[in-house]
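The values are calculated or read from the model by the stated rules, or taken from the named source; none is laboratory data. Predicted, not measured: the structure shown is a model, and the values here were computed from it. Virtual Cβ from ideal backbone geometry, glycine too; neighbours counted across all protein chains shown. SASA here: full protein model, heavy atoms, side chains in, ligands and nucleic acids out. Shrake-Rupley method; radii C 1.70, N 1.55, O 1.52, S 1.80 Å.
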Amino acid sequence: MPPLLSVRNLGLTYPNADGGLSALRDLTFDIAPGEFVAVVGPSGCGKSSLLQLLAGLRLPTAGSVLFEGEPLTGPRRRIGVVFQKANLMPWRTVLQNITLPLQLQGLPAAETQRRAVDLVELVSLTGFEHTLPRHLSGGMEQRVAIARALIHRPDLLLLDEPFGALDALTRDRMGLELLRIWDRYGKTIVMVTHSITEAVFLADRVLVFTPRPGQLRAHIPIPLPRPRALSQTYSPQFGALAMQVREAIE
Amino acid sequence: MAIANPLNTSLPAGPAYQPRSLRLWQALLLPLSIGTLLAVWQGAIWLKQYKSYILPSPARVWQRLWVALADGTLAQHAAVTLSESLGGLALGLAVAAVLGYLLAHSRPLESLLAPYIIASQSIPIVAVAPLFIIWFGSGPAAKVLICALIVFFPVLINVIVGVRSVEPDLRDLMRSLRSNRWQTFAHLELPAALPTLLAGVKIGATLSVIGAVVGEFVGADRGLGFLITAARGQFDTALVFVAVLTLVVIAMSLYGLVALLERALLAWKE
Ligand SMILES: Nc1ncnc2c1ncn2[C@@H]1O[C@H](COP(=O)(O)OP(=O)(O)OP(=O)(O)O)[C@@H](O)[C@H]1O
Ligand SMILES: [Mg+2]
(Lines give C-alpha, C1' and ligand atoms only; values in the text may rest on other atoms or scores of the structure.)
(Ligands and ions follow the chains in the order given, each with its own letter.)
Protein backbone atom coordinates (compact mmCIF):
# COMPACT_ATOMS: atom_id res chain seq x y z
CA MET A 1 0.00 0.00 0.00
CA PRO A 2 1.40 3.46 -0.83
CA PRO A 3 2.08 5.56 2.25
CA LEU A 4 -0.54 8.05 3.40
CA LEU A 5 2.14 10.40 4.58
CA SER A 6 5.73 10.65 3.41
CA VAL A 7 8.22 12.87 5.14
CA ARG A 8 11.31 13.59 3.06
CA ASN A 9 14.45 15.29 4.43
CA LEU A 10 12.18 17.49 6.48
CA GLY A 11 13.79 20.39 8.30
CA LEU A 12 12.45 23.35 10.22
CA THR A 13 14.40 26.39 11.37
CA TYR A 14 12.66 29.12 13.36
CA PRO A 15 13.97 32.60 12.62
CA ASN A 16 15.67 34.22 15.58
CA ALA A 17 18.30 36.84 16.40
CA ASP A 18 21.38 34.63 15.93
CA GLY A 19 20.77 33.08 12.55
CA GLY A 20 17.84 30.77 13.27
CA LEU A 21 16.93 28.03 15.71
CA SER A 22 16.99 24.61 14.14
CA ALA A 23 14.06 22.62 15.55
CA LEU A 24 13.96 19.64 13.19
CA ARG A 25 16.64 18.30 10.88
CA ASP A 26 16.62 15.85 8.00
CA LEU A 27 13.66 13.69 8.92
CA THR A 28 12.60 10.92 6.56
CA PHE A 29 9.87 8.41 7.30
CA ASP A 30 6.58 7.05 5.94
CA ILE A 31 3.25 6.42 7.59
CA ALA A 32 0.99 3.77 6.11
CA PRO A 33 -2.80 4.08 5.98
CA GLY A 34 -4.42 2.72 9.14
CA GLU A 35 -1.22 2.81 11.14
CA PHE A 36 -1.03 4.07 14.73
CA VAL A 37 2.31 5.82 15.20
CA ALA A 38 3.56 7.28 18.45
CA VAL A 39 6.24 9.98 18.56
CA VAL A 40 8.42 10.28 21.66
CA GLY A 41 11.44 12.39 22.43
CA PRO A 42 12.88 14.77 25.01
CA SER A 43 11.07 18.00 25.74
CA GLY A 44 11.78 20.74 23.23
CA CYS A 45 13.02 18.35 20.51
CA GLY A 46 10.43 19.57 18.04
CA LYS A 47 7.53 17.12 18.39
CA SER A 48 4.85 19.81 18.38
CA SER A 49 6.60 21.51 15.51
CA LEU A 50 6.54 18.23 13.57
CA LEU A 51 2.83 17.86 14.15
CA GLN A 52 2.22 21.39 12.93
CA LEU A 53 4.13 20.55 9.78
CA LEU A 54 2.16 17.32 9.27
CA ALA A 55 -1.07 19.32 9.77
CA GLY A 56 -0.03 21.87 7.18
CA LEU A 57 -0.31 24.60 9.82
CA ARG A 58 3.33 25.49 9.28
CA LEU A 59 5.57 25.14 6.23
CA PRO A 60 8.96 23.38 6.35
CA THR A 61 12.16 25.30 5.73
CA ALA A 62 13.74 22.20 4.16
CA GLY A 63 12.44 19.01 2.57
CA SER A 64 8.76 18.22 2.23
CA VAL A 65 5.71 16.48 3.58
CA LEU A 66 3.74 14.47 1.04
CA PHE A 67 0.12 13.61 1.72
CA GLU A 68 -0.87 10.76 -0.60
CA GLY A 69 2.11 11.66 -2.74
CA GLU A 70 1.23 15.35 -3.05
CA PRO A 71 3.16 18.11 -1.28
CA LEU A 72 1.26 19.51 1.67
CA THR A 73 1.03 23.27 1.32
CA GLY A 74 -1.64 24.09 3.88
CA PRO A 75 -4.22 22.61 6.24
CA ARG A 76 -6.58 20.01 4.81
CA ARG A 77 -9.97 18.89 5.93
CA ARG A 78 -8.84 15.28 5.65
CA ILE A 79 -6.32 15.90 8.43
CA GLY A 80 -7.76 16.32 11.92
CA VAL A 81 -5.79 17.80 14.81
CA VAL A 82 -6.19 17.39 18.56
CA PHE A 83 -4.08 19.97 20.32
CA GLN A 84 -2.23 19.62 23.60
CA LYS A 85 -4.90 21.74 25.28
CA ALA A 86 -8.50 20.74 24.60
CA ASN A 87 -8.91 24.09 22.87
CA LEU A 88 -12.69 24.26 23.17
CA MET A 89 -14.67 27.41 22.55
CA PRO A 90 -15.97 28.41 25.99
CA TRP A 91 -19.14 29.97 24.54
CA ARG A 92 -20.18 26.77 22.79
CA THR A 93 -21.78 23.77 24.44
CA VAL A 94 -20.30 20.29 24.11
CA LEU A 95 -22.51 19.54 21.11
CA GLN A 96 -21.82 22.89 19.47
CA ASN A 97 -18.08 22.39 19.92
CA ILE A 98 -18.24 18.95 18.38
CA THR A 99 -20.24 20.13 15.37
CA LEU A 100 -18.01 23.13 14.62
CA PRO A 101 -16.08 21.45 11.75
CA LEU A 102 -19.27 20.43 9.97
CA GLN A 103 -20.84 23.83 10.52
CA LEU A 104 -17.83 25.39 8.79
CA GLN A 105 -18.25 22.94 5.90
CA GLY A 106 -21.91 23.81 5.63
CA LEU A 107 -23.24 20.27 6.02
CA PRO A 108 -27.01 19.91 6.44
CA ALA A 109 -28.12 20.21 10.05
CA ALA A 110 -29.78 16.77 10.12
CA GLU A 111 -26.61 14.95 9.05
CA THR A 112 -24.53 17.06 11.44
CA GLN A 113 -26.83 16.21 14.30
CA ARG A 114 -26.83 12.51 13.49
CA ARG A 115 -23.05 12.28 13.47
CA ALA A 116 -22.73 14.39 16.61
CA VAL A 117 -25.10 12.17 18.56
CA ASP A 118 -23.09 9.10 17.49
CA LEU A 119 -19.84 10.69 18.57
CA VAL A 120 -21.16 11.91 21.89
CA GLU A 121 -21.97 8.30 22.62
CA LEU A 122 -18.62 7.08 21.33
CA VAL A 123 -16.71 9.35 23.70
CA SER A 124 -19.15 8.60 26.55
CA LEU A 125 -20.50 12.10 27.03
CA THR A 126 -24.19 11.29 26.79
CA GLY A 127 -26.12 13.65 29.04
CA PHE A 128 -23.54 16.43 28.68
CA GLU A 129 -24.54 17.57 25.18
CA HIS A 130 -25.67 20.99 26.36
CA THR A 131 -23.01 21.56 29.01
CA LEU A 132 -20.55 24.43 28.67
CA PRO A 133 -16.82 23.55 28.72
CA ARG A 134 -16.21 25.28 32.05
CA HIS A 135 -18.40 22.66 33.72
CA LEU A 136 -16.36 19.76 32.31
CA SER A 137 -13.39 17.95 33.82
CA GLY A 138 -10.08 17.89 31.97
CA GLY A 139 -10.69 14.38 30.68
CA MET A 140 -14.16 15.25 29.44
CA GLU A 141 -12.78 18.29 27.63
CA GLN A 142 -10.24 16.13 25.84
CA ARG A 143 -12.94 13.70 24.81
CA VAL A 144 -14.92 16.58 23.33
CA ALA A 145 -11.78 17.63 21.45
CA ILE A 146 -11.34 14.09 20.10
CA ALA A 147 -14.99 13.91 19.04
CA ARG A 148 -14.62 17.26 17.31
CA ALA A 149 -11.55 16.01 15.44
CA LEU A 150 -13.43 12.89 14.30
CA ILE A 151 -16.73 14.40 13.19
CA HIS A 152 -15.60 15.40 9.72
CA ARG A 153 -14.05 11.95 9.37
CA PRO A 154 -10.46 12.89 8.61
CA ASP A 155 -8.22 10.17 7.19
CA LEU A 156 -5.33 11.25 9.35
CA LEU A 157 -5.65 12.19 13.00
CA LEU A 158 -2.80 14.09 14.63
CA LEU A 159 -2.71 14.18 18.41
CA ASP A 160 -0.30 16.37 20.39
CA GLU A 161 0.03 14.96 23.92
CA PRO A 162 -3.74 14.84 24.16
CA PHE A 163 -3.69 13.30 27.62
CA GLY A 164 -0.75 15.28 28.96
CA ALA A 165 -2.82 17.18 31.49
CA LEU A 166 -4.63 14.17 32.90
CA ASP A 167 -3.99 12.00 35.94
CA ALA A 168 -2.61 8.49 35.41
CA LEU A 169 -5.92 6.63 35.81
CA THR A 170 -7.91 8.87 33.48
CA ARG A 171 -5.02 8.70 31.07
CA ASP A 172 -5.16 4.90 30.92
CA ARG A 173 -8.90 4.99 30.36
CA MET A 174 -8.60 7.62 27.64
CA GLY A 175 -5.91 5.53 25.95
CA LEU A 176 -8.25 2.55 25.86
CA GLU A 177 -11.06 4.72 24.53
CA LEU A 178 -8.78 6.06 21.84
CA LEU A 179 -7.89 2.50 20.77
CA ARG A 180 -11.58 1.60 20.67
CA ILE A 181 -12.31 4.65 18.50
CA TRP A 182 -9.33 3.94 16.25
CA ASP A 183 -10.52 0.35 15.88
CA ARG A 184 -14.00 1.45 14.84
CA TYR A 185 -12.94 4.22 12.51
CA GLY A 186 -9.88 2.51 11.07
CA LYS A 187 -8.12 5.81 10.46
CA THR A 188 -4.44 6.67 10.66
CA ILE A 189 -3.19 8.19 13.89
CA VAL A 190 0.04 10.01 14.72
CA MET A 191 0.28 10.78 18.39
CA VAL A 192 2.92 12.70 20.29
CA THR A 193 3.36 11.61 23.87
CA HIS A 194 5.98 11.88 26.57
CA SER A 195 4.87 8.63 28.18
CA ILE A 196 6.84 5.63 27.02
CA THR A 197 4.25 3.23 28.43
CA GLU A 198 1.49 5.03 26.58
CA ALA A 199 3.46 4.94 23.32
CA VAL A 200 4.18 1.21 23.57
CA PHE A 201 0.67 0.40 24.71
CA LEU A 202 -1.12 2.25 21.90
CA ALA A 203 1.09 2.23 18.84
CA ASP A 204 2.07 -0.08 16.00
CA ARG A 205 5.35 1.79 15.76
CA VAL A 206 7.22 4.25 17.95
CA LEU A 207 9.37 6.98 16.45
CA VAL A 208 12.09 8.13 18.85
CA PHE A 209 13.56 11.60 18.40
CA THR A 210 16.93 12.99 19.45
CA PRO A 211 17.20 16.22 21.45
CA ARG A 212 16.86 19.43 19.45
CA PRO A 213 17.36 19.68 16.54
CA GLY A 214 15.02 16.71 16.38
CA GLN A 215 16.28 13.89 14.23
CA LEU A 216 14.98 10.36 13.98
CA ARG A 217 16.97 8.14 16.35
CA ALA A 218 14.94 4.94 16.10
CA HIS A 219 11.88 3.25 14.59
CA ILE A 220 10.62 0.68 17.03
CA PRO A 221 7.87 -1.66 15.79
CA ILE A 222 5.49 -2.82 18.52
CA PRO A 223 4.35 -6.35 17.62
CA LEU A 224 2.04 -6.71 20.65
CA PRO A 225 -1.22 -8.48 19.74
CA ARG A 226 -4.45 -6.50 19.38
CA PRO A 227 -6.94 -5.77 20.78
CA ARG A 228 -4.76 -4.50 23.58
CA ALA A 229 -5.64 -4.65 27.24
CA LEU A 230 -4.05 -2.92 30.21
CA SER A 231 -2.95 -6.32 31.56
CA GLN A 232 -0.46 -6.53 28.69
CA THR A 233 1.52 -3.69 30.21
CA TYR A 234 2.74 -6.13 32.88
CA SER A 235 4.01 -8.74 30.38
CA PRO A 236 7.75 -9.30 29.90
CA GLN A 237 7.43 -8.54 26.18
CA PHE A 238 5.90 -5.14 26.98
CA GLY A 239 8.65 -4.46 29.51
CA ALA A 240 11.33 -5.30 26.96
CA LEU A 241 9.80 -3.00 24.33
CA ALA A 242 9.44 -0.14 26.82
CA MET A 243 13.08 -0.66 27.79
CA GLN A 244 14.09 -0.55 24.13
CA VAL A 245 12.28 2.80 23.68
CA ARG A 246 13.79 4.20 26.85
CA GLU A 247 17.30 3.22 25.79
CA ALA A 248 16.75 4.83 22.40
CA ILE A 249 15.77 8.10 24.06
CA GLU A 250 18.73 8.19 26.43
CA MET B 1 -27.97 41.81 41.93
CA ALA B 2 -28.16 45.35 40.60
CA ILE B 3 -27.33 46.66 44.03
CA ALA B 4 -24.87 43.97 45.01
CA ASN B 5 -22.81 44.75 41.91
CA PRO B 6 -23.99 48.08 40.49
CA LEU B 7 -20.99 48.58 38.22
CA ASN B 8 -21.61 45.12 36.84
CA THR B 9 -17.92 44.47 36.78
CA SER B 10 -18.81 40.77 36.62
CA LEU B 11 -16.80 39.80 39.63
CA PRO B 12 -18.07 36.54 41.03
CA ALA B 13 -19.99 38.54 43.63
CA GLY B 14 -22.55 35.80 44.02
CA PRO B 15 -25.18 37.13 46.38
CA ALA B 16 -26.43 33.57 46.54
CA TYR B 17 -23.64 32.74 48.98
CA GLN B 18 -24.18 35.78 51.20
CA PRO B 19 -26.09 35.52 54.43
CA ARG B 20 -29.59 36.96 54.31
CA SER B 21 -28.80 39.81 56.71
CA LEU B 22 -25.96 41.02 54.47
CA ARG B 23 -28.21 41.00 51.44
CA LEU B 24 -30.81 43.00 53.34
CA TRP B 25 -28.14 45.52 54.21
CA GLN B 26 -27.09 45.87 50.62
CA ALA B 27 -30.67 46.35 49.52
CA LEU B 28 -31.02 49.14 52.07
CA LEU B 29 -27.71 50.78 51.24
CA LEU B 30 -28.83 52.78 48.23
CA PRO B 31 -32.05 54.23 49.79
CA LEU B 32 -30.07 55.04 52.92
CA SER B 33 -27.33 56.86 51.09
CA ILE B 34 -29.85 58.84 49.02
CA GLY B 35 -31.74 59.71 52.20
CA THR B 36 -28.53 60.93 53.85
CA LEU B 37 -27.68 63.04 50.82
CA LEU B 38 -31.12 64.67 50.84
CA ALA B 39 -30.87 65.30 54.59
CA VAL B 40 -27.47 67.02 54.27
CA TRP B 41 -28.79 69.06 51.35
CA GLN B 42 -31.88 70.20 53.28
CA GLY B 43 -29.81 70.72 56.44
CA ALA B 44 -27.44 73.07 54.63
CA ILE B 45 -30.37 75.17 53.48
CA TRP B 46 -31.84 75.40 56.98
CA LEU B 47 -28.49 76.26 58.49
CA LYS B 48 -27.21 78.75 55.93
CA GLN B 49 -30.50 80.12 54.59
CA TYR B 50 -29.28 79.91 50.96
CA LYS B 51 -31.35 81.80 48.40
CA SER B 52 -33.17 79.39 46.17
CA TYR B 53 -31.24 80.59 43.08
CA ILE B 54 -28.03 79.58 44.88
CA LEU B 55 -29.22 76.26 46.25
CA PRO B 56 -32.87 75.28 45.83
CA SER B 57 -34.30 72.86 48.39
CA PRO B 58 -35.05 69.25 47.42
CA ALA B 59 -38.77 70.04 47.61
CA ARG B 60 -38.38 72.96 45.25
CA VAL B 61 -36.44 70.84 42.74
CA TRP B 62 -39.14 68.19 43.03
CA GLN B 63 -41.86 70.79 42.28
CA ARG B 64 -39.86 72.18 39.36
CA LEU B 65 -39.52 68.65 37.98
CA TRP B 66 -43.30 68.26 37.93
CA VAL B 67 -43.78 71.59 36.20
CA ALA B 68 -41.14 70.77 33.58
CA LEU B 69 -42.74 67.38 33.04
CA ALA B 70 -46.25 68.82 32.81
CA ASP B 71 -45.44 71.51 30.24
CA GLY B 72 -43.39 69.05 28.17
CA THR B 73 -40.12 71.01 28.17
CA LEU B 74 -38.18 68.31 29.97
CA ALA B 75 -39.31 65.51 27.68
CA GLN B 76 -38.63 67.60 24.59
CA HIS B 77 -35.07 68.53 25.58
CA ALA B 78 -34.29 65.11 27.03
CA ALA B 79 -35.39 63.46 23.77
CA VAL B 80 -32.98 65.67 21.81
CA THR B 81 -30.04 64.84 24.07
CA LEU B 82 -30.91 61.16 24.15
CA SER B 83 -31.14 60.88 20.38
CA GLU B 84 -27.85 62.75 19.91
CA SER B 85 -26.18 60.43 22.43
CA LEU B 86 -27.58 57.31 20.82
CA GLY B 87 -26.66 58.50 17.34
CA GLY B 88 -23.14 59.36 18.45
CA LEU B 89 -22.80 56.08 20.30
CA ALA B 90 -23.88 54.12 17.23
CA LEU B 91 -21.59 56.05 14.91
CA GLY B 92 -18.58 55.98 17.24
CA LEU B 93 -19.12 52.31 17.93
CA ALA B 94 -19.40 51.39 14.25
CA VAL B 95 -16.29 53.31 13.19
CA ALA B 96 -14.26 52.13 16.19
CA ALA B 97 -15.30 48.50 15.71
CA VAL B 98 -14.33 48.41 12.03
CA LEU B 99 -11.11 50.38 12.47
CA GLY B 100 -10.21 48.45 15.63
CA TYR B 101 -10.64 45.16 13.81
CA LEU B 102 -8.39 46.33 10.97
CA LEU B 103 -5.78 47.72 13.37
CA ALA B 104 -5.78 44.51 15.39
CA HIS B 105 -4.86 42.62 12.22
CA SER B 106 -2.30 45.00 10.80
CA ARG B 107 0.75 46.18 12.73
CA PRO B 108 1.80 48.55 9.90
CA LEU B 109 -1.63 50.19 9.89
CA GLU B 110 -1.45 50.44 13.66
CA SER B 111 1.94 52.15 13.68
CA LEU B 112 0.70 54.50 10.96
CA LEU B 113 -2.49 55.54 12.75
CA ALA B 114 -1.62 55.16 16.43
CA PRO B 115 0.09 58.58 16.78
CA TYR B 116 -2.96 60.35 15.33
CA ILE B 117 -5.39 58.38 17.43
CA ILE B 118 -3.49 59.05 20.64
CA ALA B 119 -2.97 62.72 19.73
CA SER B 120 -6.70 63.06 19.13
CA GLN B 121 -7.23 61.89 22.68
CA SER B 122 -4.95 64.50 24.18
CA ILE B 123 -7.18 67.33 22.88
CA PRO B 124 -9.97 68.05 25.37
CA ILE B 125 -13.33 67.60 23.73
CA VAL B 126 -14.49 71.04 24.96
CA ALA B 127 -11.69 72.61 22.95
CA VAL B 128 -12.73 71.08 19.65
CA ALA B 129 -16.49 71.28 20.18
CA PRO B 130 -16.66 74.92 18.92
CA LEU B 131 -14.90 73.84 15.71
CA PHE B 132 -17.50 71.15 15.14
CA ILE B 133 -20.26 73.75 15.58
CA ILE B 134 -18.53 76.04 13.08
CA TRP B 135 -18.14 73.23 10.56
CA PHE B 136 -21.39 71.34 11.00
CA GLY B 137 -23.77 74.01 12.29
CA SER B 138 -25.71 74.16 15.51
CA GLY B 139 -28.02 71.27 14.57
CA PRO B 140 -27.82 67.70 15.85
CA ALA B 141 -25.12 66.62 13.32
CA ALA B 142 -22.32 68.41 15.19
CA LYS B 143 -23.40 66.88 18.52
CA VAL B 144 -23.61 63.39 17.07
CA LEU B 145 -20.06 63.81 15.76
CA ILE B 146 -18.81 65.09 19.12
CA CYS B 147 -20.41 62.09 20.86
CA ALA B 148 -18.94 59.74 18.28
CA LEU B 149 -15.48 61.22 18.81
CA ILE B 150 -15.66 60.78 22.56
CA VAL B 151 -17.03 57.22 22.27
CA PHE B 152 -14.51 56.24 19.62
CA PHE B 153 -11.35 55.85 21.68
CA PRO B 154 -12.39 53.53 24.53
CA VAL B 155 -14.25 51.28 22.11
CA LEU B 156 -11.35 51.22 19.66
CA ILE B 157 -8.86 50.22 22.34
CA ASN B 158 -11.16 47.51 23.64
CA VAL B 159 -11.78 46.10 20.17
CA ILE B 160 -8.04 45.91 19.49
CA VAL B 161 -7.35 44.27 22.85
CA GLY B 162 -10.29 41.90 22.37
CA VAL B 163 -9.33 40.74 18.89
CA ARG B 164 -5.64 40.41 19.82
CA SER B 165 -6.49 38.35 22.88
CA VAL B 166 -8.02 35.54 20.81
CA GLU B 167 -6.05 32.43 21.70
CA PRO B 168 -3.51 31.48 19.03
CA ASP B 169 -4.39 27.82 19.54
CA LEU B 170 -8.01 28.53 18.66
CA ARG B 171 -6.81 30.35 15.55
CA ASP B 172 -4.77 27.25 14.64
CA LEU B 173 -7.86 25.13 15.19
CA MET B 174 -9.88 27.30 12.82
CA ARG B 175 -7.07 27.18 10.27
CA SER B 176 -6.85 23.40 10.52
CA LEU B 177 -10.58 23.29 9.78
CA ARG B 178 -10.01 25.51 6.75
CA SER B 179 -12.27 28.22 8.02
CA ASN B 180 -12.39 31.29 5.78
CA ARG B 181 -11.91 34.85 6.99
CA TRP B 182 -15.58 35.49 7.52
CA GLN B 183 -16.06 32.23 9.45
CA THR B 184 -13.09 32.98 11.66
CA PHE B 185 -14.60 36.37 12.39
CA ALA B 186 -18.11 35.12 13.08
CA HIS B 187 -17.29 31.94 14.99
CA LEU B 188 -14.09 32.91 16.78
CA GLU B 189 -13.09 36.57 16.84
CA LEU B 190 -16.50 38.09 17.48
CA PRO B 191 -17.54 35.84 20.38
CA ALA B 192 -14.03 35.94 21.88
CA ALA B 193 -13.79 39.73 21.69
CA LEU B 194 -17.37 40.40 22.75
CA PRO B 195 -16.73 40.68 26.52
CA THR B 196 -14.00 43.29 25.99
CA LEU B 197 -16.06 45.05 23.32
CA LEU B 198 -19.09 45.34 25.58
CA ALA B 199 -16.95 46.66 28.42
CA GLY B 200 -15.84 49.41 26.03
CA VAL B 201 -19.42 50.12 24.96
CA LYS B 202 -20.42 50.50 28.60
CA ILE B 203 -17.84 53.22 29.09
CA GLY B 204 -18.73 54.74 25.73
CA ALA B 205 -22.44 54.91 26.58
CA THR B 206 -21.90 57.24 29.54
CA LEU B 207 -19.25 59.29 27.74
CA SER B 208 -21.65 59.77 24.86
CA VAL B 209 -24.10 61.69 27.06
CA ILE B 210 -21.26 63.97 28.17
CA GLY B 211 -20.40 64.59 24.51
CA ALA B 212 -23.95 65.62 23.68
CA VAL B 213 -24.10 68.08 26.58
CA VAL B 214 -20.71 69.59 25.74
CA GLY B 215 -21.94 70.15 22.18
CA GLU B 216 -25.15 71.73 23.42
CA PHE B 217 -23.27 74.07 25.75
CA VAL B 218 -21.25 75.41 22.87
CA GLY B 219 -24.09 76.07 20.48
CA ALA B 220 -27.66 74.78 20.45
CA ASP B 221 -31.26 75.83 20.77
CA ARG B 222 -32.49 72.58 22.30
CA GLY B 223 -31.31 69.67 24.43
CA LEU B 224 -30.56 69.35 28.13
CA GLY B 225 -27.26 71.21 27.76
CA PHE B 226 -29.16 74.10 26.23
CA LEU B 227 -31.80 73.84 28.98
CA ILE B 228 -29.09 74.16 31.64
CA THR B 229 -27.60 77.24 29.97
CA ALA B 230 -31.05 78.84 29.55
CA ALA B 231 -32.17 78.08 33.11
CA ARG B 232 -28.95 79.50 34.50
CA GLY B 233 -29.54 82.73 32.56
CA GLN B 234 -32.96 83.03 34.19
CA PHE B 235 -31.61 82.17 37.67
CA ASP B 236 -33.93 79.12 37.59
CA THR B 237 -31.42 76.99 39.52
CA ALA B 238 -34.06 74.40 40.37
CA LEU B 239 -34.45 73.71 36.64
CA VAL B 240 -30.65 73.31 36.34
CA PHE B 241 -30.90 70.63 39.01
CA VAL B 242 -33.77 68.97 37.17
CA ALA B 243 -31.79 68.92 33.91
CA VAL B 244 -28.66 67.56 35.58
CA LEU B 245 -30.62 64.80 37.31
CA THR B 246 -32.23 63.90 33.99
CA LEU B 247 -28.77 63.58 32.45
CA VAL B 248 -27.78 61.23 35.23
CA VAL B 249 -30.89 59.14 34.59
CA ILE B 250 -30.18 58.99 30.85
CA ALA B 251 -26.54 57.99 31.36
CA MET B 252 -27.51 55.35 33.91
CA SER B 253 -30.20 53.94 31.65
CA LEU B 254 -27.82 53.61 28.72
CA TYR B 255 -25.29 51.94 30.99
CA GLY B 256 -27.96 49.63 32.35
CA LEU B 257 -29.12 48.75 28.86
CA VAL B 258 -25.62 47.69 27.83
CA ALA B 259 -25.27 45.77 31.09
CA LEU B 260 -28.49 43.90 30.28
CA LEU B 261 -27.25 43.16 26.79
CA GLU B 262 -24.02 41.93 28.32
CA ARG B 263 -25.84 39.58 30.61
CA ALA B 264 -27.88 38.17 27.74
CA LEU B 265 -24.96 37.74 25.35
CA LEU B 266 -22.34 36.58 27.83
CA ALA B 267 -24.45 34.07 29.72
CA TRP B 268 -21.72 31.50 29.02
CA LYS B 269 -19.35 33.44 31.29
CA GLU B 270 -21.53 33.66 34.39
N1 LIG C 1 6.71 29.53 17.14
C2 LIG C 1 8.00 29.33 17.49
N3 LIG C 1 8.93 30.28 17.25
C4 LIG C 1 10.21 30.07 17.59
N5 LIG C 1 10.67 28.97 18.17
C6 LIG C 1 9.81 27.99 18.45
C7 LIG C 1 8.41 28.12 18.12
N8 LIG C 1 7.78 26.99 18.51
C9 LIG C 1 8.72 26.21 19.05
N10 LIG C 1 9.95 26.79 19.01
C11 LIG C 1 11.20 26.21 19.46
O12 LIG C 1 11.41 25.01 18.76
C13 LIG C 1 11.88 23.98 19.61
C14 LIG C 1 10.94 22.80 19.53
O15 LIG C 1 9.67 23.17 20.08
P16 LIG C 1 8.45 22.15 20.12
O17 LIG C 1 7.33 22.87 20.77
O18 LIG C 1 8.22 21.62 18.77
O19 LIG C 1 9.03 21.02 21.08
P20 LIG C 1 8.31 19.77 21.72
O21 LIG C 1 9.12 18.59 21.36
O22 LIG C 1 6.88 19.75 21.35
O23 LIG C 1 8.47 20.07 23.26
P24 LIG C 1 7.54 19.59 24.47
O25 LIG C 1 7.75 18.12 24.64
O26 LIG C 1 8.09 20.33 25.65
O27 LIG C 1 6.13 19.95 24.12
C28 LIG C 1 11.97 24.58 20.99
O29 LIG C 1 13.31 24.91 21.25
C30 LIG C 1 11.15 25.83 20.92
O31 LIG C 1 11.73 26.83 21.72
MG1 LIG D 1 5.03 20.00 22.46
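Applying the criterion of being assigned to a loop (DSSP other than H, G, I, E, B) and buried (at least 16 other Cβ atoms within 10 Å of the Cβ) to the residues of the range A:132-147, the residue that is nearest to the other protein chains (Cβ to nearest Cβ) is A:Leu132.
For the range A:15-29, indicate whether the set of residues that are surrounded by fewer than 17 Cβ atoms within 10 Å (Cβ to Cβ), under 25 Å from A:Val200 (Cβ atoms) and touching a residue at least 60 places away in the same chain (Cβ under 8 Å) is non-empty. Within the range A:15-29, one or more residues are surrounded by fewer than 17 Cβ atoms within 10 Å (Cβ to Cβ), under 25 Å from A:Val200 (Cβ atoms) and touching a residue at least 60 places away in the same chain (Cβ under 8 Å). When the residues of the range B:164-201 are filtered to those that are away from chain A (no Cβ under 14 Å) and surrounded by fewer than 23 Cβ atoms within 10 Å (Cβ to Cβ), the one that is farthest from A:Leu107 (Cα to Cα) is B:Ala199.
Of the residues A:Leu54, A:Leu122, which is within 16 Å of ligand 2 (Cβ to nearest atom) and open to solvent by less than 20 Å² (accessible area, probe 1.4 Å)? Break it down into steps so the answer makes sense when it comes.
Numbers: A:Leu122 fails: within 16 Å of ligand 2 (Cβ to nearest atom).
Answer to the selection: A:Leu54.
Take the residues of the range A:148-174 that are away from ligand 2 (no atom under 16 Å from the Cβ), open to solvent by less than 20 Å² (accessible area, probe 1.4 Å) and modelled with pLDDT of 90 or more: which is nearest to the chain's Cα centre (by Cα)? Going through the qualifying residues, I end up with A:Leu157. Considering only the range A:186-204, state which residues are closer than 27 Å to A:Ile151 by Cβ, in contact with a strand residue (DSSP E or B) (Cβ under 8 Å, 6 or more places away or on another chain) and away from ligand 1 (no atom under 15 Å from the Cβ). Within the range A:186-204, A:Lys187, A:Thr188, A:Ile189, A:Leu202, A:Ala203, A:Asp204 meet the criteria. A search for C-beta distances below 9 Å between a residue of the range A:225-250 that is of a type in the set (Val, Ile, Thr) and any residue that is open to solvent by 100 Å² or more (accessible area, probe 1.4 Å) and at pLDDT below 95, counting only pairs 6+ apart in sequence or on different chains, returns A:Ile249/A:Arg217.
Can you tell me how many residues in the range B:203-247 are outside any helix (DSSP H, G or I) and farther than 12 Å from B:Ala78 by Cβ?
Qualifying residue count for the region: 6.
Of all residue pairs spaced 6 or more apart or on separate chains, those with beta-carbon atoms under 6 Å, a first member in the range A:41-55 that is in contact (Cβ under 8 Å) with a residue 12 or more places away in the chain and a second member that is more than 7 Å from ligand 1 (Cβ to nearest atom) and assigned to a helix (DSSP H, G or I) are A:Ala55/B:Ser176.
Kindly check whether there is at least one residue in the range A:66-82 that is open to solvent by 10 Å² or more (accessible area, probe 1.4 Å), within 16 Å of ligand 2 (Cβ to nearest atom) and under 19 Å from the mean Cα position of the chain (by Cα).
We begin by selecting, within the range A:66-82, every residue open to solvent by 10 Å² or more (accessible area, probe 1.4 Å); these are A:66, A:68-78, A:81.
So of that shortlist, the ones also within 16 Å of ligand 2 (Cβ to nearest atom) come out as A:81.
Those still in the list that are under 19 Å from the mean Cα position of the chain (by Cα) too: A:81.
Yes, the range A:66-82 has at least one match.
Taking (1) part of a helix (DSSP H, G or I); (2) among the small types (Gly, Ala, Ser); (3) surrounded by fewer than 20 Cβ atoms within 10 Å (Cβ to Cβ) in turn, B:Ser138 satisfies each apart from (1).
Strands (runs of 3 or more DSSP E) fully within the range A:1-113 that include at least 3 residues being within 14 Å of another protein chain (Cβ to nearest Cβ) and of a type outside the set (Phe, Trp, Tyr): A:79-82. One residue stands out among those in the range A:30-48 that are within 13 Å of the chain's Cα centre (by Cα) and within 11 Å of ligand 2 (Cβ to nearest atom): the one that is most open to solvent (accessible area, probe 1.4 Å), which is A:Ser48. A Cβ distance below 7 Å, combined with a sequence gap of six or more or placement on separate chains, defines the contacts here; from the range A:148-161, residues that are within 13 Å of chain B (Cβ to nearest Cβ) reach residues that are of a type in the set (Phe, Trp, Tyr) and within 16 Å of ligand 2 (Cβ to nearest atom) in the pairs A:Asp160/A:Phe83.
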